[in-house]
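Asks: Below you will find the structure I want to go over with you.
The values are calculated or read from the model by the stated rules, or taken from the named source; none is laboratory data. Being a predicted model, the structure only gives us computed values, none of them experimental. Glycine also receives a Cβ, built like all others from the backbone with ideal geometry; neighbour counts cover every protein chain displayed.
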There are 4 protein chains.
Amino acid sequence: MKTKQIKRLAVLTSGGDAPGMNAAIRSVVRMANCYGIETLGFLRGYHGLLENEFVELGPRSVSNTIHRGGTILKTSRCKEFETKEGLKKAAQNLEDNNLHGLIVIGGNGTCRGAYELGKFWKGQILNVPSTIDNDVYGTDATIGYDTAVNTGVAAIDKIRDTADAHERFFLVEVMGRKAGFIGLNVGIAGGAEEIMIPEKKQSIETIHRHLCSGEEKGKKSSIIVISEGDEAGGALEIAKKLKSLNGCEYKVVVLGHTQRGGSPTAHDRILATELGAFAVEQFLKGKSGVSAGKRAGKLVLTPLKLAWSKKKSLNPFLLKLLPILST
Amino acid sequence: MKTKQIKRLAVLTSGGDAPGMNAAIRSVVRMANCYGIETLGFLRGYHGLLENEFVELGPRSVSNTIHRGGTILKTSRCKEFETKEGLKKAAQNLEDNNLHGLIVIGGNGTCRGAYELGKFWKGQILNVPSTIDNDVYGTDATIGYDTAVNTGVAAIDKIRDTADAHERFFLVEVMGRKAGFIGLNVGIAGGAEEIMIPEKKQSIETIHRHLCSGEEKGKKSSIIVISEGDEAGGALEIAKKLKSLNGCEYKVVVLGHTQRGGSPTAHDRILATELGAFAVEQFLKGKSGVSAGKRAGKLVLTPLKLAWSKKKSLNPFLLKLLPILST
Amino acid sequence: MKTKQIKRLAVLTSGGDAPGMNAAIRSVVRMANCYGIETLGFLRGYHGLLENEFVELGPRSVSNTIHRGGTILKTSRCKEFETKEGLKKAAQNLEDNNLHGLIVIGGNGTCRGAYELGKFWKGQILNVPSTIDNDVYGTDATIGYDTAVNTGVAAIDKIRDTADAHERFFLVEVMGRKAGFIGLNVGIAGGAEEIMIPEKKQSIETIHRHLCSGEEKGKKSSIIVISEGDEAGGALEIAKKLKSLNGCEYKVVVLGHTQRGGSPTAHDRILATELGAFAVEQFLKGKSGVSAGKRAGKLVLTPLKLAWSKKKSLNPFLLKLLPILST
Amino acid sequence: MKTKQIKRLAVLTSGGDAPGMNAAIRSVVRMANCYGIETLGFLRGYHGLLENEFVELGPRSVSNTIHRGGTILKTSRCKEFETKEGLKKAAQNLEDNNLHGLIVIGGNGTCRGAYELGKFWKGQILNVPSTIDNDVYGTDATIGYDTAVNTGVAAIDKIRDTADAHERFFLVEVMGRKAGFIGLNVGIAGGAEEIMIPEKKQSIETIHRHLCSGEEKGKKSSIIVISEGDEAGGALEIAKKLKSLNGCEYKVVVLGHTQRGGSPTAHDRILATELGAFAVEQFLKGKSGVSAGKRAGKLVLTPLKLAWSKKKSLNPFLLKLLPILST
């Protein structure tokens, strides 16, 4: 049978690291092994693909990794891969290694890279969406997003202790430069009084009036969750503007890179396991140029181009609830 | 308009406590408040409904509760409520308190109680499914389930340290007497070698052979996740049987009640927030005899009878992956 | 017996909140109750003492608080209390409330405030040292310090995932403007390559050379822990300077207020319990103008003036080990 | 100088694993490396010493291990090592490997084994006390103990959610067959109503009366912490006896092996780092037959025989406080 011939698959992780990447690698490797496919892992994302740096991967290579943050294959952002020369060189390396398929694990940019690579290489390319930002289309959640939200919420739980004790106002900046998924969900789950996210434009004046009305109702502390790079500026900038409006001191906490790491949640480990295994199955079925995802409880494929270019919308019910719940 | 008259709503938590119950109460109370509805909370589940013990609830009553495990309304299992007299007495109390609706927050048994109560009371009854066991039909996940799975996985991560250090075999008993949701998901996310759950019958001999084949492949430690009350007996019983087959010492850990408590995960807080608010909206629309749920990303209603009586199935893909991933 | 007459004691928390303050309040209140002493709690630190805002405290008032971060009595920093008029007013309020003693729970500034108050009030004043910074003399550790170190270390564990995955350099700013206790201990326990703390002057050039030598040995990622307000500037400033020296991009994470909150560690709960109870015992023995502490395993008293003015030194063995361990 | 000749050192971990063992290995290896000493690690405790199974250890071998539970050198309990033949064989292996010293990392039994080995081998033997039970004399705390107490307290925090929600009584069994350190400290830090530990004999009737008096004061839930193997039997046995006295249902939770694993706390990482490095320094000074420890803030040595045979006492102040605080 022809499919028996398909036997070499490469995997890599690229872009910002996300908790669950190792669980996805583990799932790809063990699923491939189960079907008699050889797997190798390029190191440091597209960089390793260009430099032809890789390791052979077997079932034991991924032992004891499902609970680890980061990625055993390392990752990077690679400028050279955005050039035609880079893409050609990558295609050549894939060819020289007798590979039939490449599974990339990463976010938006990784997905786009895979799409571009498809113009130069005839092998099968599949994406497993993994980024804390959740901004890949074609999957309800990306791998790492649930962990990042929980990390953000845990931080807010701690900050609230101080906010209550001191009766103070806090601005907490979370990740998500272009997408408010983390901001909205951390805000709801953290019981924030207000959120500022890219998708929901509101002026500093509006925020200011909202805070004032809270104070009138007897609220003595509050927490505002802000997505980094929100149009109004980062949290430090907003704190300054609010102070100029009402004279209040706003404490600022920038959660930053603590949101990227840590042991993945059960949700992220399971999603990574499902998507990794599903990608291998689809590879066996001959699929290419697609991104694996889970939507409405079903495992699905989305064309790579849609995956990185189409905007996924926020949960409108949560947006509606926020002002009601922070009453 | 007549609907303006609908203004008194009761809420209670019943059955085993689950992380996120407070987030659900908070959402019900604040959403109700937003629509001008008065809310009271019966204490200790159906027990308080029978004894007419309750507290008035306003937006401030639920401040600083979203992150707390347990339930501020207390809970219990109530035998009297299973009798006709009990149900009539409850109906009378609801009437005497001029209530138009009752939202119950709990699992299977709570849902069934609500269904039975509906035969004696003409007010609106809605269920918000909340149990760590995930065994309520009509919602992909119940409130508290995600937290329980994460608590189980965190325990397994710790146990694995010892399993690896000592090259030992561990049997870890998790909750879920009738449903293997926790067992399956903790098993997958914890990287267990094997699971024993009610839905997947397999003899001790099969488990034994599987463990032997693992040893042949060089596995020196392994973790088996077992649902409490699995047909083959609890973990202690199974350890004895395995020992009689192969002479090995199996260490047993029974996670027990540590899985019930703890601060809810972001997922459970958000689900509780959505379902609580959705239940209030549906109450306003005149709905009754239904259980709120989220399926395939959509908020939906399911008749109470279906909710407690229909069996929800496990994710078949995860069942398929387990032996492949524990290679 | 005269001591029977001593029966009213006040307690307050002041300055920056620290995990374990509630455990200390609980211990003071229950110990006092055991000896038949009435206790009241001034709200918001010295501010409440000036405004005569307080609550009566009994054994039940402190139920279910031992594990909570923040402080149920609230806290603040109070400028007015630094004036002679403020101190007199406070003394008068203590007198008017028929109080025989005041136990203050806080850090350096709180302790100094208590010392100054002693010049205007003849009642007994005792301090229970509680601050994450550990900069109170007369106790090996202050309440809250162990929790803050663990929070810092947990953050570094997460950041290391990303540092390893991306082979990057991180500067992590921890609390401790004047004292390097947090910086040194987080650095050692987090396996940091280098620390910058107030007590250990070293130029940016030295740090730069150290990092270079690490790179020569094959280190591809590293974490440097920096105390806020270190002489060389905060982490952002240092990142800029390092970049100008070697062209490298240093990622910066400022842990900030997440270190203040959170459930106290077992160590902090136990220390708070011991020091709170010990302070009440010493109050009964007529002691005043002293700060409770635990040194070399023994509960001891230190004059208030020493407690806030004398510099406590860092563990010299840890300072010596740091370069050896980051080999 | 003769000491220059001393250059080969072995290290092993033995007995029950404890969080922080890896931090101790890391410290030994890097400190030794700093002084030009070669280090090898025997695998699986004394078992590997008998089988001559070892790995060479360099500074890079211990990278990224400080935060890991378990032990990279594996561990075991070894019966053969308790025989004269075993000890002689071990001594011969040490000799054949040209070793000048052996550092053992473990608890009571490990320490005793090291003491016995000293009768057959003339090389230097040093112990680094590491066990969650804290039952090694000559150090205020053993490595792993702080982590185990925190794990126990975290479990009790979760259980309390359910105890409160259901108004129930819980018996929580913690580790410590012969020593009540974990029981007492988890009890105090968890806010338990009562503890049952080996050092504090009390009848079931006394416990029963205490619980009754609590109920009279209005306590509706309570948590009793029990050391495994307490004279009155384990938690399950005690639950039965209590039920026969008062008819109450006591829920039982046995924490078991979850207490052994997990990432070590900052305290345990630092203690492990200090003791490991200190042991190497003392090895260089020619010390032998001693156990490293930290007492009253100072690094000290204790003869091996005292270390495993002398009983360390519990903190009497905590024992006194327990009934007062659970008022």
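Asks: Does the range C:119-139 include one or more residues that are over 22 Å from the mean Cα position of the chain (by Cα), in the same structural domain as C:ASN185 (by TED's automatic domain parsing) and among the hydrophobic types (A, V, I, L, M, F, W, C)?
Replies: No, that holds for no residue.
Asks: While we're looking at this one, here's another question. Given the conditions (1) under 30 Å from D:ASP268 (Cα atoms); (2) away from chain B (no Cβ under 13 Å), and given that D:VAL254 satisfies all but one, which numbered condition is not satisfied?
Replies: D:VAL254 satisfies all of (1) under 30 Å from D:ASP268 (Cα atoms); (2) away from chain B (no Cβ under 13 Å) except (2).
Asks: Follow-up. With the checklist (1) in contact (Cβ under 8 Å) with a residue 60 or more places away in the chain; (2) surrounded by fewer than 24 Cβ atoms within 10 Å (Cβ to Cβ) in hand, flag the one item B:GLN202 doesn't pass.
Replies: (1)
Asks: Still on this structure, I have one more. For the range D:64-90, name all the residues that are crowded, with 19+ Cβ neighbours inside 10 Å and either touching a Cys at 6+ places or on another chain (Cβ under 8 Å) or not in a loop (DSSP other than H, G, I, E, B) (or both).
Replies: D:PHE81, D:GLY86, D:LEU87, D:ALA90, listed by residue number.
Asks: Continuing with this model, one more query. It is to be established whether one or more residues within the range B:78-97 are without any contact (Cβ under 8 Å) to a residue 60 or more places away in the chain and under 20 Å from D:THR162 (Cβ atoms).
Replies: yes
Asks: Related question: Look at the range D:47-63 and say how many of its residues are touching a Leu at 6+ places or on another chain (Cβ under 7 Å) and not in a loop (DSSP other than H, G, I, E, B).
Replies: Residues flagged as touching a Leu at 6+ places or on another chain (Cβ under 7 Å) and not in a loop (DSSP other than H, G, I, E, B) within the range D:47-63 amount to 6.
Asks: Please specify each residue of the range D:25-40 satisfying the condition of being surrounded by fewer than 24 Cβ atoms within 10 Å (Cβ to Cβ) and either under 23 Å from the mean Cα position of the chain (by Cα) or not in a helix (DSSP H, G or I) (or both).
Replies: Result: D:TYR35, D:GLY36, D:ILE37, D:GLU38, D:LEU40.
Asks: Related question: I'd like to verify a number: residues in the range A:214-232 that are under 22 Å from A:ASN185 (Cβ atoms) and free of Cβ contacts under 8 Å to residues at least 24 places away in the same chain, how many?
Replies: Here the count works out to 0.
Asks: Filter the range D:143-159 down to residues that are in contact with a His (Cβ under 6 Å, 6 or more places away or on another chain) and facing chain B (nearest Cβ under 10 Å) and give me whichever is nearest to D:LEU299 (Cα to Cα).
Replies: So the residue we want is D:ASP157.
Asks: Report, by residue number, each residue of the range D:113-129 that is outside any loop (DSSP other than H, G, I, E, B) and in contact with a Leu (Cβ under 8 Å, 6 or more places away or on another chain).
Replies: D:ALA114, D:TYR115, D:GLU116, D:LEU117, D:GLN124, D:ILE125, D:LEU126, D:ASN127, D:VAL128, D:PRO129
Asks: Next question, about the same structure. Testing C:GLU53 on (1) over 20 Å from C:LYS119 (Cβ atoms); (2) surrounded by 14 or more Cβ atoms within 10 Å (Cβ to Cβ); (3) of a type outside the set (Lys, Arg); (4) touching a residue at least 24 places away in the same chain (Cβ under 8 Å), one condition comes back false. Which one is that?
Replies: All conditions are met except number (4).
Asks: Then there is this: So which of D:SER221, D:SER309, D:SER288 is within 14 Å of chain B (Cβ to nearest Cβ), surrounded by fewer than 22 Cβ atoms within 10 Å (Cβ to Cβ), more than 23 Å from B:VAL253 (Cβ to Cβ) and not β-branched (Val, Ile, Thr)?
Replies: Values: D:SER309 fails: within 14 Å of chain B (Cβ to nearest Cβ); D:SER288 fails: within 14 Å of chain B (Cβ to nearest Cβ).
Matching residue, one of D:SER221, D:SER309, D:SER288: D:SER221.
Asks: Kindly indicate whether D:ARG8 is over 30 Å from C:GLU167 (Cβ atoms), basic (Lys, Arg), surrounded by fewer than 20 Cβ atoms within 10 Å (Cβ to Cβ) and touching a Leu at 6+ places or on another chain (Cβ under 9 Å).
Replies: In short, yes.
Asks: Among the residues of the range D:139-148, is any part of a helix (DSSP H, G or I) and farther than 22 Å from D:ALA24 by Cα?
Replies: no
Asks: May I pose another question? Is there a residue in the range C:67-81 that is modelled with pLDDT of 95 or more and more than 24 Å from the chain's Cα centre (by Cα)?
Replies: The answer is no, given that none of the residues of the range C:67-81 is modelled with pLDDT of 95 or more and more than 24 Å from the chain's Cα centre (by Cα).
Asks: Sort through B:LEU242, B:LEU236 and tell me the only one that's at pLDDT below 90, in contact with a His (Cβ under 9 Å, 6 or more places away or on another chain) and within 19 Å of B:GLY183 (Cβ to Cβ).
Replies: B:LEU242
Asks: Identify the residue in the range B:257-280 that is small (Gly, Ala, Ser) and either away from chain D (no Cβ under 14 Å) or in a helix (DSSP H, G or I) (or both) and, among all such residues, is nearest to B:ALA307 (Cα to Cα).
Replies: B:ALA279
Asks: Among what's in the range A:171-187 and is within 13 Å of the chain's Cα centre (by Cα) and farther than 20 Å from C:VAL253 by Cα, pick the residue that is nearest to the other protein chains (Cβ to nearest Cβ).
Replies: A:PHE181
Asks: Something else now. Is there a residue in the range D:281-293 that is free of Cβ contacts under 8 Å to residues at least 40 places away in the same chain and outside any helix (DSSP H, G or I)?
Replies: Yes, some residue in the range D:281-293 is free of Cβ contacts under 8 Å to residues at least 40 places away in the same chain and outside any helix (DSSP H, G or I).
Asks: Across the range A:284-313, what is the total count of residues that are among the hydroxyl-bearing types (Ser, Thr, Tyr) and in contact with a helix residue (DSSP H, G or I) (Cβ under 6 Å, 6 or more places away or on another chain)?
Replies: Total satisfying the criteria: 1.
Asks: Something else: Please indicate, with yes or no, whether at least one residue in the range C:160-170 is within 14 Å of chain A (Cβ to nearest Cβ), closer than 30 Å to A:ARG77 by Cβ and modelled with pLDDT of 95 or more. Break it down into steps so the answer makes sense when it comes.
Replies: Let us first name the residues in the range C:160-170 that are within 14 Å of chain A (Cβ to nearest Cβ), namely C:160-170.
This time we only want the ones that are closer than 30 Å to A:ARG77 by Cβ, so: C:160-170.
Still in the list and also modelled with pLDDT of 95 or more: none.
No, the range C:160-170 contains no residue that is within 14 Å of chain A (Cβ to nearest Cβ), closer than 30 Å to A:ARG77 by Cβ and modelled with pLDDT of 95 or more.
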